[in-house]
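Quick notes on the structure that follows.
The values are calculated or read from the model by the stated rules, or taken from the named source; none is laboratory data. Note that this is a predicted model, so its numbers are computed, not measured. Note that we place each Cβ from the backbone using ideal geometry, even for glycine, and neighbour counts take in every protein chain shown. With ligands, DNA and RNA removed, areas are computed over all heavy atoms of the protein, side chains included. Shrake-Rupley method; radii C 1.70, N 1.55, O 1.52, S 1.80 Å.
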Amino acid sequence: MNDRPMRLFLGGLVHETSSFSPLPTSVQSFHEGVLIRRSDPRALQQIAAQPNLVGVIAAAARHGDTLLPGLYAQAQPSGPLSRTDYERLRDELLADLRAALSLGAVDAVLLELHGAMLAEGYPDCEGDLLQRMRALVGSSIPIGALLDLHCNLSPAMVESGAMLVACKEYPHIDYGARGEELHAMLRAMVRGEPALKAQWRRVPMLGIFGTTRPPMRDFVQRLQSCEQTVPGVVSVSALHGFPWSDTPHTSAAVLVLAQDTPAAAKAATQLLGELSEAFYDLRERASANRLPLPAALDEAIEAMQSADGRPVVLADTSDNAGGGAAGDSTFVLRELLQRGVRDVALGMIWDPQAVAIATSAGSGARLPLRIGGKVGPMSGDPVDLDVEVLACRTDARQRSLTPGGTDPLGPAVAVRAQGIDIVLNSIRQQVFSPECFTELGIDPVARRLVVVKSTQHFRSGFDAMAAAVVYADAPGSLQSDLGRLPYKHLPRPVWPLDQAVKATTSGSLRGNVAQRSAPSS
């Protein structure tokens, strides 16, 4: 077998799209996020620095691969792209691949995608892109895609023959390991080893399933064990789905990649059935207990009484910019003020206008400031406060989920009002780590209550300090009552919208098995 280094085309088009986000998405959104073009002399260095590709880059370096950069574009979650802007980005990435192929210099293609990207007229951007890539490279060049576990897996994605590997953890702390695995699969195919066969099943449920605690912790370990112990099985991905993307394929799913032999196919089919049923059966126990805001604050305040000097962490899950919310809602802040809760750190509220005003006043200034509530009804009303400016920064950063990675907050300020320290920032994002506070002089460990605008990713940074974690389901773009969302395309029945789905689960799970062999190399 040929064991020479690979010539690997590397690119990405990454966006988690909420059909219900109040914020539009355009090419400018990617300029504000990450937009790396093949023509940039530093394109390869910039792509290699992307945190989710760390495993791919490390594996490629070990094997001496030549990396061929293509378009890499990533934007904060928000609403669907326009048809024109999506096609512009897609076609640029395809043109980059076509240019590399024209030089005869591509052994394999590896993309970072999300799996829940939407555009006008394109309810399945990843499926559309992968199908077009397959048509471009033909059957002899393997394609791999690294996915977010909140992917809404579609038939078109699987039928493209791409090797699809999703992260297993939520928070997504395992992209490095998954990238290494995907690189190894592509390398094996380039060496001439038999292609893998994909089998998958829709699991008719939607929810938020954190993996830091049982039962999902145990389920993830089961997935990993199956990859090591079931003969012929190479990769198992449990896709949680993204509930706020309204498409005909929005759902959880299980995907198994196995060797293309009769014995491996039989083992994979049996495993797929077992894992699909097990995933569905833990839906109620695994789903985060998100309490209405008043009840969540009641629980947090009660926990504060026995916290033994450590802070209670309250997650404002409905205003998570990482799921497409604006990040400027004021519902939690207003409730804290009305209750007179003090010794609180709250962050981050996305409010560039308030940041500019406070920065102009300067650290130590006292002034009236209108905070948040600017984007739309799901942001609540602005809150007018007399504040003291504690700190102003233009260079503050927070740790990302990938070891060593950081994200800029943009111009940011910390202000204090009525016993609440509030972080306001200018680059819309969720809270990942305590640096959101400490970079602006706020010590979250010293507070009785810490409020974070995040759904689950915060846990990797805050669990060690937290006496308790409470999930609040405040009003907002990501409220957990999915039955209140105006779905038009969601396949039914699906839990939790249809509680009676249990009666048809077995048939539903067995009725949507799909198989696909990757093109052989």
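Just a few scattered comments:
- Tabulated pairs, region 152-164, first in a helix (DSSP H, G or I), second among the aromatic types (Phe, Trp, Tyr) and buried (at least 24 other Cβ atoms within 10 Å of the Cβ), C-beta under 7 angstrom, 6+ apart or interchain: VAL158/TRP200
- Meets criteria (free of Cβ contacts under 8 Å to residues at least 12 places away in the same chain and within 26 Å of GLY161 (Cα to Cα)) for ASP65: no
- Selection status of ALA166, surrounded by 24 or more Cβ atoms within 10 Å (Cβ to Cβ), among the small types (Gly, Ala, Ser), touching a His at 6+ places or on another chain (Cβ under 7 Å) and farther than 18 Å from ALA60 by Cβ: no
- Strands (runs of 3 or more DSSP E) fully within region 188-282 counting 1 or more residues that are in contact with a Ser or Thr (Cβ under 8 Å, 6 or more places away or on another chain): 196-203, 252-259
- Verdict on ALA263 being over 23 Å from ARG217 (Cα atoms) and surrounded by 16 or more Cβ atoms within 10 Å (Cβ to Cβ): no
- Consider region 272-292 and keep the residues that are free of Cβ contacts under 8 Å to residues at least 60 places away in the same chain and surrounded by fewer than 21 Cβ atoms within 10 Å (Cβ to Cβ). The one that is nearest to SER480 (Cα to Cα) is GLU284.
- Within region 209-228, residues that are under 18 Å from ALA184 (Cα atoms) and free of Cβ contacts under 8 Å to residues at least 40 places away in the same chain have Cβ atoms under 9 Å from residues that are acidic (Asp, Glu) and open to solvent by less than 60 Å² (accessible area, probe 1.4 Å) in these pairs: GLU227/GLU181, counting only partners at least 6 apart in sequence or on another chain.
So that you can scan it fast, the table gives a plain yes or no per residue for (1) of a type in the set (Ser, Thr, Tyr); (2) touching a helix residue (DSSP H, G or I) at 6+ places or on another chain (Cβ under 7 Å):
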| position | (1), (2) |
| --- | --- |
| LEU103 | no, no |
| SER139 | yes, no |
| ALA156 | no, yes |
| SER160 | yes, yes |
| GLY179 | no, yes |
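- Exactly one residue out of LEU8, LEU13, LEU23 is within 24 Å of the chain's Cα centre (by Cα) and not in a loop (DSSP other than H, G, I, E, B), and it is LEU13.
- For the criterion of being under 20 Å from LYS453 (Cα atoms), at pLDDT 95 or above and of a type in the set (D, E, K, R), ASP421 passes.
- Residue list for region 481-521, filter: in contact with a helix residue (DSSP H, G or I) (Cβ under 8 Å, 6 or more places away or on another chain), at pLDDT 90 or above and open to solvent by 30 Å² or more (accessible area, probe 1.4 Å): PRO493, PRO496, LEU497
- Among (1) assigned to a strand (DSSP E or B); (2) at pLDDT below 95 - the single one ASP3 does not satisfy: (1)
- Close contacts from region 388-409, counting a first residue that is open to solvent by 50 Å² or more (accessible area, probe 1.4 Å) and a second that is part of a strand (DSSP E or B) and among the hydroxyl-bearing types (Ser, Thr, Tyr), with Cβ to Cβ under 6 Å and a gap of 6+ residues or different chains, come to ARG397/THR406; ARG399/THR406.
- Residue within region 95-115 that is basic (Lys, Arg), assigned to a helix (DSSP H, G or I) and without any contact (Cβ under 8 Å) to a residue 40 or more places away in the chain present: yes
- Any hit, region 42-61, residues being outside any loop (DSSP other than H, G, I, E, B), among the basic types (Lys, Arg) and surrounded by fewer than 18 Cβ atoms within 10 Å (Cβ to Cβ): no
- In region 418-462, the residues that are open to solvent by 10 Å² or more (accessible area, probe 1.4 Å) and outside any loop (DSSP other than H, G, I, E, B): GLU435, THR438, VAL445, ALA446, ARG459, SER460, GLY461
- Verdict on ALA184 being touching a Gly at 6+ places or on another chain (Cβ under 9 Å), surrounded by fewer than 18 Cβ atoms within 10 Å (Cβ to Cβ) and not in a strand (DSSP E or B): no
- Residues in region 140-151 include at least one that is open to solvent by 10 Å² or more (accessible area, probe 1.4 Å), at pLDDT 95 or above and among the charged types (D, E, K, R).
- Number of residues in region 170-181 that are open to solvent by 20 Å² or more (accessible area, probe 1.4 Å) and part of a loop (DSSP other than H, G, I, E, B) equals 1.
- Selected residue (criterion: nearest to GLU193 (Cα to Cα)) from residues of region 293-308 that are of a type outside the set (Gly, Ala, Ser) and open to solvent by less than 80 Å² (accessible area, probe 1.4 Å): LEU293
- Candidate set from region 383-397 (those that are part of a loop (DSSP other than H, G, I, E, B) and in contact with an Asp or Glu (Cβ under 9 Å, 6 or more places away or on another chain)); member that is farthest from PRO475 (Cα to Cα): ASP395
- Note on region 107-121: residues that are crowded, with 19+ Cβ neighbours inside 10 Å and more than 19 Å from the chain's Cα centre (by Cα) amount to 3.
- Residues being in contact with a strand residue (DSSP E or B) (Cβ under 7 Å, 6 or more places away or on another chain) and either closer than 9 Å to ALA345 by Cβ or buried (at least 23 other Cβ atoms within 10 Å of the Cβ) (or both) - total across region 463-477: 3
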